[in-house]
Ligand SMILES: [Zn+2]
């Protein structure tokens, strides 16, 4: 780890990748955006480059993250959405002023205003959460089967039977646990 900070877990769905910046919520929680600069780094990975971030903006980001987590978890459990979480998501979405632009190569690019780049980026994330939680997008919210994780993830598999938020971490850990349980009967193997 070059920076000395926890590495990011990068998923393909913006909103649930964002909630994944706090992982192992039911175990030894890992905060993957512990400083404003790490939020800047994370946003850059998702095409939401901002020049800087204040401690107050990091607080806003974490408030949005926990609100998306709460609402997505409720949606996955088919429970009523918590009103305070819905309020935060809607406020962040309303206050974002990002403009989607089409590049000559046919890619989407977010244009953020320099004066409110972090708020604009959070608006994009909030809008993504709305599309996922509302069912506007093809897929299904589910909770990771790992008891220490229970992260909400967006299952876009055809069968909608995905069990893990991330195959490389939670899924792999489960596979390893099963491997160790079978070790007495199966000779160890190097992958
Ligand atoms: Zn997980």
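Residue pairs whose Cβ atoms lie under 6 Å apart, sitting 6 or more positions apart in sequence or on different chains, and linking a residue in the range 140-154 that is under 16 Å from residue 28 (Cα atoms) to a partner that is at pLDDT 95 or above and in a strand (DSSP E or B), are 150/143.
Residue count for the range 8-28 satisfying the condition of being part of a loop (DSSP other than H, G, I, E, B) and under 27 Å from residue 131 (Cα atoms): 11. Quick check: is even one residue across the range 119-133 farther than 20 Å from residue 21 by Cβ and either modelled with pLDDT of 95 or more or within 16 Å of the ligand (Cβ to nearest atom) (or both)? No: the range 119-133 contains no residue that is farther than 20 Å from residue 21 by Cβ and either modelled with pLDDT of 95 or more or within 16 Å of the ligand (Cβ to nearest atom) (or both).
Annotation note: of 32, 9, the sole residue that is closer than 24 Å to residue 112 by Cβ, modelled with pLDDT under 95 and buried (at least 17 other Cβ atoms within 10 Å of the Cβ) is 9. Checked against (1) part of a loop (DSSP other than H, G, I, E, B); (2) closer than 20 Å to residue 170 by Cβ; (3) out of contact with any helix residue (DSSP H, G or I) (no Cβ under 7 Å at 6 or more places or on another chain); (4) at pLDDT 95 or above, residue 47 meets all criteria but (2).
When the residues of the range 114-144 are filtered to those that are more than 29 Å from residue 53 (Cα to Cα) and within 14 Å of the chain's Cα centre (by Cα), the one that is surrounded by the fewest Cβ atoms within 10 Å (Cβ to Cβ) is 143. The residue of the range 150-170 that is farthest from the ligand (Cβ to nearest atom), among those that are over 15 Å from residue 11 (Cα atoms) and modelled with pLDDT under 95, is 158. Only one of the numbered conditions (1) surrounded by fewer than 10 Cβ atoms within 10 Å (Cβ to Cβ); (2) farther than 26 Å from residue 62 by Cα; (3) within 15 Å of the ligand (Cβ to nearest atom) is violated by residue 147, and that is (2). Say whether the condition of being modelled with pLDDT of 95 or more and loosely packed, with under 14 Cβ neighbours inside 10 Å is met by at least one residue in the range 171-190. Among the residues of the range 171-190, not one is modelled with pLDDT of 95 or more and loosely packed, with under 14 Cβ neighbours inside 10 Å, which makes the answer no.
The values are calculated or read from the model by the stated rules, or taken from the named source; none is laboratory data. Given the structure is predicted, the values throughout are model-derived calculations rather than measurements. Every residue, glycine as well, gets a Cβ built from its backbone with ideal geometry; the counts of neighbours run over all protein chains shown.
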